[in-house]
Amino acid sequence: MRLLEKTGEGILRALDGAGETLLLLFRGLGWGRTAWRYRRLVVAQMLFCGVESLSVVAVVAFAAGMIVSLQTGTALADFQLQDTIGSIVAVSVCREMGPVFAAIIVAARVGSAMAAQLGTMKVSEEVDALEAMSINPVRYLVMPRVIGLVLMMPVLAMFSDVLGIAGGAMVGRLQIGVPYTVFFDKALDSLEMKDIGVGILKTTVFGMIIAAVACRQGLGAVSGALGVGKATTKTVVISLMFVLIFNYFISAIFY
């Protein structure tokens, strides 16, 4: 009986947290109409979320493309089909690996930082001070982060796609022996606008998820530094979990 009560309490807490996160996301997006007035805050978040994440995304995407090309190329070479690795690398990177890897990096780097920043402001009563000055915390703190991340996630994903394909082409040429012209011809023949469009849609949804979870956990932090640490950890775990879940459902809908 005790176990059943704890299970029920856990489910109710999870549903309550999901509802608060979704409501916070809608409120943040709703204040997007005032984004121009807060353009400096939005641009600062775009720089932090996007520009400062480019180097990490570049390394991970390039390495991922190299790995896919190497593994598929060596397997296909046994059947004299190594020339098709351009198609495999391009499709897998644009449909799945580019958006997901970009989201994982952003969740770990940006989401945790957002939660830590807002959590520190919450426990140090800076959020209460904003409310005392009649400044809406959602409009001032949440909206710039949501808008900035939603705008930059597709850019990071496309950047990741390009570098992933480039990494695959390099390995295909140097280790598998597939000429660059053959690789890119196969890649362009197999890629469709749908693949790129679905990737952009995925990253937009991922950006909303990461920003909403980070803001919800940060603004809900309690108990000083310990609460901030818990909020940061929860942000990364919950964000990654929902990124993978929504990635599956979006892929299932379109493919």
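A short reminder: the numbers here are calculations on the coordinates, not readings from a lab. Because the structure is a prediction, the values reported are computed rather than measured. Positions of Cβ are backbone-derived with ideal geometry, glycine not excepted, and every protein chain shown enters the neighbour counts.
Our summary gives the chain a relative contact order of 33 percent, counting only alpha carbon pairs under 8 angstrom and 6 or more residues apart. Counting only the Cα atoms, the stretch 1-54 fills a convex hull of 98 Å³ per residue. Along the stretch 29-46 the Karplus relation, 6.51 cos²θ - 1.76 cosθ + 1.60 evaluated at θ = phi - 60°, assigns HN-Hα couplings of 5, x, 6, x, 5, 9, 4, 5, 5, 10, 4, 5, 5, 5, 5, 4, 5, 5 Hz to successive residues, with x for each Gly and Pro. Between the residues A77, L3, W36, the greatest Cα displacement towards the positive end of the dipole of the chain, with unit charges on the Cβ of Lys, Arg, Asp and Glu, is found for W36. Would you calculate, for the chain, the mean residue ellipticity at 222 nm contributed by helices, counting each DSSP H stretch of 4 or more residues as -39,500 (n - 2.57) and dividing by all residues, to the nearest 500? After summing the helix terms and dividing by the residues of the chain, the value is -26500 deg cm²/dmol. Around the Cα centre of the stretch 167-255, unit charges on the Cβ atoms of Lys, Arg, Asp and Glu (plus for the first two, minus for the last two) sum to a dipole of about 400 debye. Remark: the chain projects, on average over all directions, an area of 17.1 nm² (convex hull of Cα atoms).
Candidates M152, A169, M133 compared by Cα position along the dipole of the chain: farthest toward the positive end lies M133, with charges placed on Cβ.
Computed from the C-beta positions of F184 and L23 and an R0 of 41 Å, the FRET efficiency is 0.35 to the nearest 0.05.
3J(HN,Hα) along the stretch 92-102: 5, 5, 6, 7, 10, 5, x, x, 5, 5, 4 Hz, from the Karplus curve 6.51 cos²θ - 1.76 cosθ + 1.60 with θ = phi - 60°, whole Hz, x for Gly and Pro.
Pick out, in residue order, every one of the trypsin sites (Lys or Arg not before Pro) in the stretch 24-122 that is DSSP loop and has at most 13 other C-beta atoms within 10 Å; say none if there are none. Hits after loop and neighbour filter: R37.
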